[in-house]
There are 2 protein chains.
Amino acid sequence: MARTRTSLSLEQIIEAAITTLDAVGAEKMTLRGLAAQLDSGVASLYWYAAGKDQLMAIVSDELLGRALDEAEALERADQPHPKQFENYPPPEPDGRTSTGTAEGLLQIRRLVLCLFVQMLEHRWLASQLIKAGPDEQNSLTYWELVGQALQNSGLDLTRQLQASMVVSTYASGMGAEVSQRAIEREAAEDAEAQQTAQIDHWASFSEEDFPFVHSVLGEFENLDEASDFIMGLDLVLSGLERLTWD
Amino acid sequence: MARTRTSLSLEQIIEAAITTLDAVGAEKMTLRGLAAQLDSGVASLYWYAAGKDQLMAIVSDELLGRALDEAEALERADQPHPKQFENYPPPEPDGRTSTGTAEGLLQIRRLVLCLFVQMLEHRWLASQLIKAGPDEQNSLTYWELVGQALQNSGLDLTRQLQASMVVSTYASGMGAEVSQRAIEREAAEDAEAQQTAQIDHWASFSEEDFPFVHSVLGEFENLDEASDFIMGLDLVLSGLERLTWD
DNA sequence: TTCGCCAATGGAACGACGTTCGATGCATCG
DNA sequence: CGATGCATCGAACGTCGTTCCATTGGCGAA
């Protein structure tokens, strides 16, 4: 085995880091474990990144870039959303909505859903995107693309800025919540038993004090982890659409 | 000084923990520092809580309880929202909306804003609420109250459940994002210089590649940290209101 | 009152982590 | 062929959450 000048590369580190992060999560992934997986030493990683935080920022930006690429590919192919979400069609635009606005909102929906795909595959991504500000390259591009989709909406500039930040923020904020619930569900060896046990626990509370919880206990089987995220996203976009009516 | 049987109490620990967390944040708060502030030893804390994670869950639930109390007090006084947000009046309900729905949405808005007040005072709270599931007492009550406000909306049970989870999730998810940006802004000794430096940095990017970013650069002075959260909340509620029309 | 139990405490140590330091290898160039 | 500097890695440092265990002191039972 010919050892070249550099036995490590940033791409290799990123790939290994993603694998490890997917396996054990952000907190339990250690630089020692990552170095061992790369058949290397801990200190070597510090030549490529200033520390664990920066390494995770780099890795997150990589996945954000993949989401942007996927969104662009879908737009070229005239697909309204990733194929994973065919069961969640975009709501019909109202008659009062201009075609420019409707197209912009669909672009935003496609973009956010592409990012959400990455969040479902990598449960640590969303909370990491929260910690790292919009300093990275792809994070800025993401924000820019959301904003561009709003430029033909007829909203004034302040509203455009606000709406772009709300949408950008929504993805990572809501994504972090959904990811966390998915992590907890996976932590139990028997996911289904865990679910029913949770429901039974809720059922043990007084029906008098918690009438709503009791009333919806039977509705949980109709939901999956994606439905909350997508419904909330469509509520935001629906509210945004309504803003353009006045 | 007569040393009683127990020199520590859970209430004292909670109070000291909140103070320390507000001062240094969740990650830099150490059990050693907390014990020193209580003039006690590290291991003593383990008699009251199983570990740092559980301690933070207890503290978070305490603040969530304060938010619930404040919301109840406001409802008694017929106040639509905490006085901190008088500059952000609730949007007028549409004519097509039933009074039951409009009242429910206003209750939700008041509840979420009371929680947001605590998040602004304690920047570590939101991300902590994400990590801890809805197992704690007040977390369940919070969810229940959101759901009760939806029971007269005319939505079917599945939609009620979905909407209640979207709203509950929105607060912590979006709150974590807003809190993080506030932390970063405070980290710099000169907040205003930091802000203009950030804007200058964005301005350094190509106007051709980032037309939207350039167009809204001058609008930042019109926003504060609360506006994104509240606008997003009102967008969600507006979308929810629209759902009840059909 | 006295004794013994046990809730409650805290000093010390353990193991794991992120990070730093210094020495070493090795390709490249004069 | 020797010097330069990029790239690597073993070892150590400091700090953290956590655990162990001896000790304390109030309180009920005899």
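The values are calculated or read from the model by the stated rules, or taken from the named source; none is laboratory data. Quick caveat: nothing in here was measured; it's all calculated off a predicted structure. In this analysis, Cβ positions are derived from the backbone assuming ideal geometry, glycine residues included, and neighbour counts consider all displayed protein chains. Side chains included, ligands, DNA and RNA excluded: accessible areas come from the protein's heavy atoms. Shrake-Rupley method; radii C 1.70, N 1.55, O 1.52, S 1.80 Å.
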Legend entry - Surface accessible to a 1.4 Å probe, A:Ile58 within the full protein complex, Å²: 40 Å²
Legend entry - Phi to ³J(HN,Hα) by Karplus 6.51 cos²θ - 1.76 cosθ + 1.60 over region A:212-222, Hz, x for Gly, Pro: 5, 4, 5, 5, 9, 4, x, 8, 5, 5, 7
Legend entry - Euclidean distance between Cα centres, region B:113-147 to region A:69-130, Å: 28 Å
Inset, instruction - May I ask you to give the percent of accessible area on the protein assembly as shown that is carbon plus sulfur, with a probe radius of 1.4 Å? - result: 48 percent
Inset, instruction - State whether the protein assembly as shown is rounded, prolate or oblate according to the following rule on the C-alpha gyration tensor (a ≥ b ≥ c being the square roots of its eigenvalues): a/c under 1.5 gives rounded; otherwise a/b larger than b/c gives prolate, and the remaining case gives oblate. - result: rounded
Inset, instruction - Mind listing, in residue-number order, the residues in region B:182-228 that have at least 50 Å² less accessible area with every protein chain present than in their own chain alone (1.4 Å probe)? - result: B:Trp202, B:Phe210, B:Phe212, B:Glu219, B:Leu223, B:Asp228
Inset, instruction - Give me the accessible area per residue for the protein assembly as shown, probe 1.4 Å, as a whole number in Å². - result: 50 Å²
Inset, instruction - Determine the gain in length on full extension of the stretch A:Arg96-A:Glu207; use 0.36 nm per residue of separation and subtract their C-alpha separation, reporting nm with one decimal. - result: 35.6 nm
Legend entry - Summed buried accessible area for B+A [probe radius 1.4 Å, Å², rounded to 100]: 5900 Å²
Legend entry - Cα centroid of region B:1-66 to Cα centroid of region B:199-246, whole Å: 38 Å
Inset, instruction - Run the numbers on region B:121-246 and let me know its relative contact order in percent, using alpha-carbon pairs under 8 Å that are six or more apart. - result: 31 percent
Inset, instruction - Let me know the shape class of region A:43-184, please: from the alpha-carbon gyration tensor, a ≥ b ≥ c as square roots of the eigenvalues, rounded when a/c is under 1.5, otherwise prolate if a/b is greater than b/c, or oblate. - result: prolate
Inset, instruction - List, in order, the whole-Hz ³J(HN,Hα) value for each residue of region B:54-69 obtained from phi through the Karplus relation with A = 6.51, B = -1.76, C = 1.60 and θ = phi - 60°; use x for Gly and Pro. - result: 5, 4, 5, 5, 5, 4, 4, 5, 4, 5, 4, x, 4, 5, 5, 4
Legend entry - Per-residue HN-Hα couplings for region B:161-178 [Karplus 6.51, -1.76, 1.60; θ = phi - 60°; Hz; x = Gly/Pro]: 4, 4, 5, 5, 6, 4, 5, 4, 5, 4, 4, 6, x, 5, x, 5, 5, 4
Inset, instruction - Grab the beta carbon distance between A:Glu15 and B:Asp53, set R0 = 22 Å, and tell me the FRET efficiency rounded to 0.05. - result: 0.10
Inset, instruction - Go through B:Ala193, B:Thr141, B:Ser172 and say which Cα lies farthest out towards the positive end of the charge dipole of region B:103-210; charges sit on Cβ, +1 for Lys and Arg, -1 for Asp and Glu. - result: B:Thr141
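Rounded to the nearest 0.05, what FRET efficiency do B:Arg76 and B:Leu223 have when you use their Cβ-Cβ distance and R0 = 30 Å?
For B:Arg76 and B:Leu223, the calculated efficiency is 0.40.
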